[in-house]
1. Can you tell me which residue within the stretch 143-167, out of those that are buried (at least 18 other Cβ atoms within 10 Å of the Cβ) and in a loop (DSSP other than H, G, I, E, B), is nearest to the ligand (Cβ to nearest atom)?
2. So which residues in the stretch 186-211 are within 16 Å of the ligand (Cβ to nearest atom), surrounded by fewer than 24 Cβ atoms within 10 Å (Cβ to Cβ) and modelled with pLDDT of 95 or more?
3. Across the stretch 172-185, which residue is surrounded by the most Cβ atoms within 10 Å (Cβ to Cβ) among those that are out of contact with any helix residue (DSSP H, G or I) (no Cβ under 8 Å at 6 or more places or on another chain) and under 15 Å from residue 154 (Cβ atoms)?
4. Report, by residue number, each residue of the stretch 96-108 that is touching a helix residue (DSSP H, G or I) at 6+ places or on another chain (Cβ under 8 Å) and more than 11 Å from the ligand (Cβ to nearest atom).
5. Which one of these does residue 47 not meet: (1) part of a strand (DSSP E or B); (2) crowded, with 16+ Cβ neighbours inside 10 Å?
6. Taking the options 315, 283, name whichever one is modelled with pLDDT of 95 or more and over 22 Å from residue 41 (Cα atoms).
7. Which one of 59, 42, 80 is within 16 Å of the ligand (Cβ to nearest atom), at pLDDT 95 or above, surrounded by fewer than 21 Cβ atoms within 10 Å (Cβ to Cβ) and not in a strand (DSSP E or B)?
8. Is one or more of the residues making up the stretch 97-105 surrounded by fewer than 18 Cβ atoms within 10 Å (Cβ to Cβ), more than 20 Å from the chain's Cα centre (by Cα) and on the phi > 0 side of the Ramachandran plot?
Ligand code: FO1
């Protein structure tokens, strides 16, 4: 592991929810304060209880603040559910579990948005309030909403993922509004200034593709001289567990091999990190790669992987 002063910064990470938040926490703990910027998927955002909900921003925010619920991966540790319970008793919708602490954040964010703040400004105020040294940037300020095409018709992402538990058969995705989104100055500047760009082990189709769908974002990464390294979300030849795995199967991605991911990110990557359990696939990869333990549990394993990712990126700069 390189000493902190040898790691080139600033570092920009592209992240979705839980997997992204874990690596981001490791990167933050490894880098000097303020050296990390995380660009986060907002395709999962939706309106609920009259509030704008930003699941991936909040998962990254809570993860970097160390206040996340490690069991669910989303939401707050030590959460209470008074409002949800009462809402349900009054006949309101309770399929999407907003806890009391989480709700407080949403009330504030909504007030700021109603006052005219951008999503980027709200994320910055919240990360400062939770003493997070890293910058958290929504992929854009305009609403982009992932729409899932199913055999039962089109469903907004959270309706499909949480309310319907991915039961309808999956047919495809549209990132509604992506065409009209613009690169925010903060996202553009962070990518242009980056010494390393890391694509976190988030779902490439659900979590990273919406980010790359923001017009100009992919091109800005491609124009960067910084090495771009993706960390595989695959362990042992398999994608995520649970409903996401069903969705991936229905998308036709039967072989969740590291090569599939590399090909998906064609033209973007300088290097790839795969799990040591997939080491047998390493020789198929058409770019520099590193096989290591990518499973992140506690902070030490997140930090160890982060240090390896940074070191690997640095080796690509030298080469
Ligand atoms: N995921 C669930 O499976 N059930 C929930 O009730 C739920 C509530 C929730 C509340 C706030 C938040 O920020 C995230 C929440 N998530 C919940 C997670 C989230 O909707 C998805 O895991 C992501 O969108 C997928 O990346």
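The values are calculated or read from the model by the stated rules, or taken from the named source; none is laboratory data. All of these numbers come straight from a predicted model, not from anything done at the bench. Positions of Cβ are backbone-derived with ideal geometry, glycine not excepted, and every protein chain shown enters the neighbour counts.
1. It comes out as 166.
2. 209
3. As a first pass, look at the stretch 172-185 and keep what is out of contact with any helix residue (DSSP H, G or I) (no Cβ under 8 Å at 6 or more places or on another chain): 172, 174, 176-177, 179-182, 185.
Right, trim to under 15 Å from residue 154 (Cβ atoms) and you get 172, 174, 176-177.
Numbers: 172: 11, 174: 14, 176: 16, 177: 18.
Checking each candidate, the answer is 177.
4. Initial filter on the stretch 96-108 (touching a helix residue (DSSP H, G or I) at 6+ places or on another chain (Cβ under 8 Å)): 96-100, 102-103, 105, 108.
Result: 100, 108.
5. So the condition that residue 47 fails would be (2).
6. Details: 283 fails: modelled with pLDDT of 95 or more.
Answer to the check: 315.
7. Values: 59 fails: surrounded by fewer than 21 Cβ atoms within 10 Å (Cβ to Cβ); 42 fails: surrounded by fewer than 21 Cβ atoms within 10 Å (Cβ to Cβ).
Being within 16 Å of the ligand (Cβ to nearest atom), at pLDDT 95 or above, surrounded by fewer than 21 Cβ atoms within 10 Å (Cβ to Cβ) and not in a strand (DSSP E or B) holds for just one of 59, 42, 80, which is 80.
8. no
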